[in-house]
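The values are calculated or read from the model by the stated rules, or taken from the named source; none is laboratory data. Being a predicted model, the structure only gives us computed values, none of them experimental. Here Cβ is always computed from backbone atoms with ideal geometry, including for glycine, and neighbour counts include all displayed protein chains. When the accessible area is computed, the model is the full protein with side chains, heavy atoms only, and any ligands, DNA or RNA have been set aside. Shrake-Rupley method; radii C 1.70, N 1.55, O 1.52, S 1.80 Å.
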Amino acid sequence: MADIKVVGVVGSGQMGSGIAQLAAVDGLRVWLFDTDPIALSRATNSISNSVHRLIAKGHLTQASNSVENGEVLQRLHCTTNMEDLSEADIVIEAIVESEDVKKKLFQDLDKITKRSAILASNTSSISITRLASATTRPCQVIGMHFMNPPPIMKLVEIVRGADTSDETFNVTKALAERFGKKVICSQDYSGFIVNRILMPMINEAFSTLYTGVATKEDIDTGMKLGTNHPMGPLELADFIGLDVCLSIMRVLHAGLGDSKYAPCPLLVQYVDAGRLGRKRGIGVYNYAKATELAKPSPSSKL
């Protein structure tokens, strides 16, 4: 298994574009694949803006010259053709948190990528062993769970499947550390480490709201000021996406078989209603309303 020189990323949403940015800034060639060309265009703009913000804040001083010369974006290749991932040394998927969808993707990647390539999943809860079973190379399948947003958050959670080889683990860990990340390692159990702890807390916050114990504002303020969390659990759920939170709770409930992981009915209701959080403009909080309030009135321009 050679050193990583070319990285493939599947999915150009916030997680996928963030992972692609990390690799491109680090000097690696990147293929960012998505079936939606508009999403790829948004991702390119997002990466460009993010890199320049980080330079302005002094977080990318070593890379600033190459960034200003456009070298980072030159290393980033966007494509709607999955075949372009064939030269990647590692492919990291960051698509919807659905086991069936991810398995189908891994089957396709197994046919397209070179035999030495590592297939990594950014899943935050789904069994790596089961994803690996969809391929003919289970020893080269691994979980590489970045935190959101990947360019900022310092942690990567690495998860070995039942057959993941030591070489695959070592190469993946070295890549995460090359990106400047702190690596923690989890066994392949539902939710791994971070979401095994975080999601039940968010679910309990929904239950606290659902049963009328307190308002959403007081729940979040209590956790921020009482436990020194930077965001309250309901605010954080909106940031993550309520659909993602619900998906993870269902994985925990099914995988661990304990009723304490049953999703709160209010969380289910919000997702059914399309209230998915910041990305939809409304979740627990109404962000569209906040945006309207922030707009200057006509009189303010006089």
Taking H placed 1.01 Å from N in the peptide plane, check which residues at least 5 places from C78 or on another chain put their amide H under 5 Å from its amide H. L32
Note the listed values (i) 45; (ii) 52; (iii) 42, then indicate which one is percent of Cα pairs over 27 Å apart calculated from this particular structure. (i)
Over region 138-242, with a single point scatterer placed on each C-alpha, what log10 of the ratio I(q)/I(0) does the Debye formula yield at q = 0.13, 0.14, 0.17, 0.23 1/Å? -0.59, -0.66, -0.84, -1.17
Taking the Cα centre of each part, how many Å lie between region 1-50 and region 209-228? 37
For region 65-121 and region 155-172, what is the separation of their Cα centres, given in Å? 17
So the carbon and sulfur contribution to the accessible area of the chain, 1.4 Å probe, in percent, is 52
Helix check for the chain. Which DSSP H runs span at least 15 Å along their own axis by Cα, with a mean Kyte-Doolittle hydropathy no less than 0.5? 14-25, 194-210, 242-256
At 1.4 Å probe size, with every protein chain present, just tell me what the per residue accessible area of the chain comes to in Å². 48
Quote the FRET efficiency, to the nearest 0.05, computed for K104 versus A162 with a Förster distance R0 of 22 Å and r equal to the Cβ-Cβ distance. 0.60
Can you order the peptides 88-94, 33-39 by their average number of other Cβ atoms within 10 Å per residue, highest first? 88-94, 33-39
Residue range of the chain that is longest and free of trypsin sites (Lys or Arg not before Pro) which are both DSSP loop and sparsely packed (at most 15 other C-beta within 10 Å): 155-302
Of K103/K181; K224/K260; K57/K104, those spanning more than 29 Å from alpha-carbon to alpha-carbon: K57/K104
